[in-house]
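Engineer: Provided herewith is a single structure, encoded as structure tokens, for subsequent inquiry.
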There are 2 protein chains.
Amino acid sequence: MEKTLNVQGMSCGHCKTAVEGALNNLEGVTSADVNLDAGTVDVAYDDARVSFEAMKEAVEDQGYDVEA
Amino acid sequence: MEKTLNVQGMSCGHCKTAVEGALNNLEGVTSADVNLDAGTVDVAYDDARVSFEAMKEAVEDQGYDVEA
């Protein structure tokens, strides 16, 4: 399953690394790709193993707001 | 001795941590304090032990441009 998250506040390469790392650390996430200019993260995941809420929380724990 | 460096491209808390850490790792640097809004770093250092060039290089190695 693939989904694009809208994330506020990612400003630099460190932010990209932090958000991608947090998502990739979750069981069930196959890939996470931040687009800084767009303020988005494309995530590929197994929705039987990880929920949107868990992914949202992982990103928010890094200090960013997730819109959808 | 104290000096304020003008640094381009510091955008977030990760940048602040990276720049302060790089400077604090240098022998002779007593403190480094990034102001993200101003794009500056206040550095306190012993100029007998560390040069401006070495501090500039440490910040540039983190991926930022130093103006002065």
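The values are calculated or read from the model by the stated rules, or taken from the named source; none is laboratory data. These numbers come from a predicted model, not from an experiment. Please note: Cβ atoms are built from the backbone with ideal geometry, for glycine as well, and neighbour counts cover all protein chains shown. These accessible areas exclude ligands, DNA and RNA; they are computed on the full protein's heavy atoms, side chains included. Shrake-Rupley method; radii C 1.70, N 1.55, O 1.52, S 1.80 Å.
Engineer: Go through B:Ala32, B:Ala18, B:Ala58 for me and flag whichever is among the hydrophobic types (A, V, I, L, M, F, W, C) and more than 20 Å from A:Gly13 (Cα to Cα).
Structural biologist: On the way: B:Ala18 fails: more than 20 Å from A:Gly13 (Cα to Cα); B:Ala58 fails: more than 20 Å from A:Gly13 (Cα to Cα).
Answer to the check: B:Ala32.
Engineer: Quick check on A:Ser51: is it open to solvent by 30 Å² or more (accessible area, probe 1.4 Å) and more than 23 Å from B:His14 (Cα to Cα)? Write out each step before concluding.
Structural biologist: Working: open to solvent by 30 Å² or more (accessible area, probe 1.4 Å): yes; more than 23 Å from B:His14 (Cα to Cα): yes.
Criteria met by A:Ser51.
Engineer: Output the residue which, of all residues in segment A:1-43 that are in contact (Cβ under 8 Å) with a residue 40 or more places away in the chain and within 14 Å of another protein chain (Cβ to nearest Cβ), is most open to solvent (accessible area, probe 1.4 Å).
Structural biologist: Here is the first cut: in segment A:1-43, the ones in contact (Cβ under 8 Å) with a residue 40 or more places away in the chain are A:1-3, A:5-10, A:15, A:18-19, A:22, A:42-43.
So of that shortlist, the ones also within 14 Å of another protein chain (Cβ to nearest Cβ) come out as A:7-10, A:15, A:18-19, A:22.
Values: A:Val7: 5, A:Gln8: 89, A:Gly9: 57, A:Met10: 19, A:Cys15: 0, A:Ala18: 18, A:Val19: 0, A:Ala22: 15 Å².
Here the residue is A:Gln8.
Engineer: Within segment B:23-55, which residues are part of a helix (DSSP H, G or I) and not polar (S, T, N, Q)?
Structural biologist: Quick first cut of segment B:23-55, residues part of a helix (DSSP H, G or I) only: B:23-24, B:52-55.
Answer for segment B:23-55, where residues must be part of a helix (DSSP H, G or I) and not polar (S, T, N, Q): B:Leu23, B:Phe52, B:Glu53, B:Ala54, B:Met55.
Engineer: Separate question: Would you confirm, using the coordinates I've provided, whether B:Ala58 is free of Cβ contacts under 8 Å to residues at least 60 places away in the same chain, part of a helix (DSSP H, G or I), within 9 Å of the chain's Cα centre (by Cα) and within 14 Å of chain A (Cβ to nearest Cβ)? Give the steps one after another, and end with the answer.
Structural biologist: Values: free of Cβ contacts under 8 Å to residues at least 60 places away in the same chain: yes; part of a helix (DSSP H, G or I): yes; within 9 Å of the chain's Cα centre (by Cα): yes; within 14 Å of chain A (Cβ to nearest Cβ): no.
For B:Ala58, the condition - free of Cβ contacts under 8 Å to residues at least 60 places away in the same chain, part of a helix (DSSP H, G or I), within 9 Å of the chain's Cα centre (by Cα) and within 14 Å of chain A (Cβ to nearest Cβ) - is not met.
Engineer: For A:Asp65, which of the numbered conditions (1) out of contact with any Gly (no Cβ under 9 Å at 6 or more places or on another chain); (2) within 14 Å of chain B (Cβ to nearest Cβ) fails to hold?
Structural biologist: In the conditions (1) out of contact with any Gly (no Cβ under 9 Å at 6 or more places or on another chain); (2) within 14 Å of chain B (Cβ to nearest Cβ), A:Asp65 misses (1) alone.
Engineer: Moving to a separate point now. Scan segment B:2-22 and give yes if some residue there is at pLDDT below 95, outside any loop (DSSP other than H, G, I, E, B), of a type in the set (Lys, Arg) and farther than 23 Å from A:Val19 by Cα, otherwise no.
Structural biologist: Yes, some residue in segment B:2-22 is at pLDDT below 95, outside any loop (DSSP other than H, G, I, E, B), of a type in the set (Lys, Arg) and farther than 23 Å from A:Val19 by Cα.
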